[in-house]
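A.B. asks: Please read through the structure below; I'll follow up with questions.
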Amino acid sequence: MAQNISVIKKKKHPTIDFAASQIKKYLKKAGLTQCIQIILDIENQSNEDTISIQPHNSGYFITGSNPRSVLFGVYRFLSELGFRWIRPGNRGEIIPDIKSIRKNIRINEKASYKYRTLCIEGATSLQHILDLIDWAAKNGMNGYFIQFDYGTHFFKRWYSHQDNPYMKPEKFDEDDARKAVEIITEEVKKRGMRLEKMGHGWTCRALGIEGEGWDPAKNSISEIPEEKRNWIAMIDGKREFFKNVPLNTNLCYSNPSVRSAIADAIVEYAEKHLEVDAIHLWLADGSNNNCECENCQKARVSDFYVQILNELDEKLTSRNISTKIVFLIYVDLLWQPEIEKIKNPDRFIIMFAPITRSYIQSFANTKPEQGIKPYIKNKLEFPKNAADNMLYLQKWQEMFNGEGVDFDYHVIWACYYDLNHFTIGNVLYRDIVYLKNMNLHGFISCQNQRVSFPTNFLMDILAKTLWNRKISFEKIVQESFSDAFGTNDSKKVIDFLRKMSLLWKPMFEPVFIPQPDEKRIAAGIKNIKTMEKLCAQFKPFVARKAKSTTGATGWSWKYLNYYLELLEVLLPAMLNYLQRTSECRQKFEQVFEFLRKNEKILHPTLDVSTYIKVLQWRVNEAEGNT
Ligand SMILES: [Zn+2]
């Protein structure tokens, strides 16, 4: 251990031990030989994250409002010294050479939002997640959310390599999933971060069947104990799995036994999993799939939902379990309850999940267009415009004034509508700034675990804006790109991606749905020609930098170079999409082939399988199969 670096821990906590080991490790890596004393402490204890860095005679005080804030303070101190983590994983670490440490670092900051959480989605390996969690802590994000008990579905998507013949399928069974979640939990807890779990699946547990993902039913209805078969939602007079997927099957929520079974399943889980800070209680996935029986027709699904929430709260309270419950405003549950009220708001976090919204405009600069649509069970029409979505949240907030978060999807599909990321990045930035105006206390990014291709820009926006909503978009742009590409060359990359994103705008959203938008199609075709020229001009420079630059910055250029190669097949494919030619599918096949062939190199930054899935939507759209 480096003898010159002494760390004094004023409070005992595993996360503060970890913070101490991190500061020693990194200062040593930077070659520091000067003697320095770092004092770590907790001050003004709170669940909200506050950090303070102040010099003393022989070093620095680094304090935080809780153990993880002390760790955030350590990483912030290191970043003041020039350390950077420009993307998750070991290809993202920048270690400066440090001879001595300057004495004028003074920082006092409080995070703008209490909840800054990443959620498992897409296809992922265990290592991808561990890299992401490590990056998140280094960039001030404080929570990780594993959907389901073991997130099995997301792991299987990666380990099976189903859509890439160039990658060998790897074994991943229930045991592996359990072990993976144990390791993830350990890493989250080591950093003092918040752990959230579950979501969909309680409806399955209440029935006594597995609900770990969207798999089709194994043995149809016969999987369910006979006495529970009438718990299944009745649709068109029948009680069966909705489109044969148990996870998408709602229950007959007017039945008190059904509500109790859901509450009891959660109590049982919460008792066994005190390491989970917040449990998500969502109903079935899918939409317009609710019970039409006589008793269920008497109230909205959200009224029955609030009955479950209240019953659950009472049961948890009687067992002295303080776990937070996150409830979901999503599809059918967008419509607020008419009768029931939440009795103990402190137990809950309201989670707004506007999955049907558009990502071309932000909450901040959109006006309502259609207002709240009528509630007609199983014939619901969902709001598209971001501001229309907010109207539904406001109705819920008239009844519930507790804490809330936006669970949003910028970084799962919309991030792939335009890989230049400036359009979606600006929407993400504005949305996060605006959360406070929506009376929300944070953000859960339902996202791919690998979103650093061609750059880490979106992840930087997410972390930096959640920490400090007063930061300007331009400051994030400058920081993100000069960290990734070096101050001298970053302007060229920014100019290129900004222009490309502007030119890509006509194609950001489907052009043939609901009907062909001739104006956008014409603009898109014209812009593709301009983009091809821009790429041809920029490519030699990037290729040279990719060859001559090493370390994390070198990887930035390499990924950008791969992106320019990808565009050589992607732009022609997009052109064929716009022109709806018969070659569209074959052109996209070339794109998929490029991605599959290079997945071994690109995978830490790009979720190839999700990206291909999103591109497939465009092919299907051009072929008229939506
Ligand atoms: Zn019913």
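A.B. asks: Select, from PHE363, PHE348, the only residue that is touching an Asp or Glu at 6+ places or on another chain (Cβ under 7 Å) and either more than 16 Å from the ligand (Cβ to nearest atom) or at positive phi (or both).
C.D. replies: Among PHE363, PHE348, only PHE363 is touching an Asp or Glu at 6+ places or on another chain (Cβ under 7 Å) and either more than 16 Å from the ligand (Cβ to nearest atom) or at positive phi (or both).
A.B. asks: Ok, one more. Look through segment 228-247, keep the residues that are more than 16 Å from the ligand (Cβ to nearest atom) and surrounded by fewer than 19 Cβ atoms within 10 Å (Cβ to Cβ), and return whichever of them is nearest to GLY122 (Cα to Cα).
C.D. replies: Residue satisfying both the conditions and the ranking: VAL245.
A.B. asks: Continuing with this model, one more query. Report, by residue number, each residue of segment 194-237 that is of a type in the set (Gly, Ala, Ser) and either under 23 Å from ILE266 (Cα atoms) or not in a helix (DSSP H, G or I) (or both).
C.D. replies: GLY199, GLY201, ALA206, GLY208, GLY211, GLY213, ALA217, ALA233, GLY237
A.B. asks: In segment 238-263, how many residues are free of Cβ contacts under 8 Å to residues at least 40 places away in the same chain and either aliphatic (A, V, I, L, M) or assigned to a loop (DSSP other than H, G, I, E, B) (or both)?
C.D. replies: Qualifying residue count for the region: 2.
A.B. asks: From the list ALA261, ALA217, which one is outside the structural domain of GLU48 (by TED's automatic domain parsing) and within 16 Å of the ligand (Cβ to nearest atom)?
C.D. replies: Among ALA261, ALA217, only ALA261 is outside the structural domain of GLU48 (by TED's automatic domain parsing) and within 16 Å of the ligand (Cβ to nearest atom).
A.B. asks: Select, from PRO383, PRO354, PRO374, the only residue that is without any contact (Cβ under 8 Å) to a residue 12 or more places away in the chain and either surrounded by fewer than 17 Cβ atoms within 10 Å (Cβ to Cβ) or in a loop (DSSP other than H, G, I, E, B) (or both).
C.D. replies: Going through PRO383, PRO354, PRO374 in turn, the sole match is PRO374.
A.B. asks: If only one of ILE266, ILE279 is away from the ligand (no atom under 16 Å from the Cβ), in a strand (DSSP E or B) and either under 29 Å from PRO383 (Cβ atoms) or under 26 Å from the mean Cα position of the chain (by Cα) (or both), which one is it?
C.D. replies: Exactly one of ILE266, ILE279 is away from the ligand (no atom under 16 Å from the Cβ), in a strand (DSSP E or B) and either under 29 Å from PRO383 (Cβ atoms) or under 26 Å from the mean Cα position of the chain (by Cα) (or both), namely ILE279.
A.B. asks: Within segment 32-44, restricting attention to residues that are over 13 Å from ILE16 (Cβ atoms) and without any contact (Cβ under 8 Å) to a residue 40 or more places away in the chain, which residue is surrounded by the most Cβ atoms within 10 Å (Cβ to Cβ)?
C.D. replies: Looking at residues that are over 13 Å from ILE16 (Cβ atoms) and without any contact (Cβ under 8 Å) to a residue 40 or more places away in the chain, I get GLN37.
A.B. asks: So which residues in segment 249-258 are more than 13 Å from CYS296 (Cα to Cα) and either surrounded by fewer than 18 Cβ atoms within 10 Å (Cβ to Cβ) or within 12 Å of the ligand (Cβ to nearest atom) (or both), if there are any at all?
C.D. replies: Result: SER257, single match.
A.B. asks: Could you go through segment 306-324 and let me know if any residue there is farther than 15 Å from GLY201 by Cα, without any contact (Cβ under 8 Å) to a residue 40 or more places away in the chain, within 16 Å of the ligand (Cβ to nearest atom) and assigned to a loop (DSSP other than H, G, I, E, B).
C.D. replies: no
A.B. asks: Now for a separate question. (1) over 30 Å from VAL70 (Cβ atoms); (2) in contact with a strand residue (DSSP E or B) (Cβ under 6 Å, 6 or more places away or on another chain); (3) at pLDDT 95 or above; (4) away from the ligand (no atom under 16 Å from the Cβ): which one isn't true of THR203, the others all being true?
C.D. replies: (4)
A.B. asks: Ok, one more. So, ASN142, is that one among the polar types (S, T, N, Q) and crowded, with 24+ Cβ neighbours inside 10 Å or not?
C.D. replies: yes
A.B. asks: Any residue at all in segment 496-508 that's farther than 20 Å from VAL569 by Cβ and either small (Gly, Ala, Ser) or part of a loop (DSSP other than H, G, I, E, B) (or both)?
C.D. replies: Within segment 496-508, none of the residues are farther than 20 Å from VAL569 by Cβ and either small (Gly, Ala, Ser) or part of a loop (DSSP other than H, G, I, E, B) (or both).
A.B. asks: Output the residues belonging to segment 511-544 that are part of a helix (DSSP H, G or I), charged (D, E, K, R) and farther than 15 Å from LEU571 by Cα.
C.D. replies: GLU518, LYS519, ARG520, ARG544
A.B. asks: Being under 20 Å from SER445 (Cα atoms) and over 20 Å from the mean Cα position of the chain (by Cα) narrows it down to one residue among LEU333, LEU328, LEU316, LEU309; which is it?
C.D. replies: LEU333
The values are calculated or read from the model by the stated rules, or taken from the named source; none is laboratory data. Since we're looking at a predicted model, the values are computed, not measured. Note: ideal-geometry Cβ built from the backbone for every residue, glycine included; neighbour counts use all protein chains shown.
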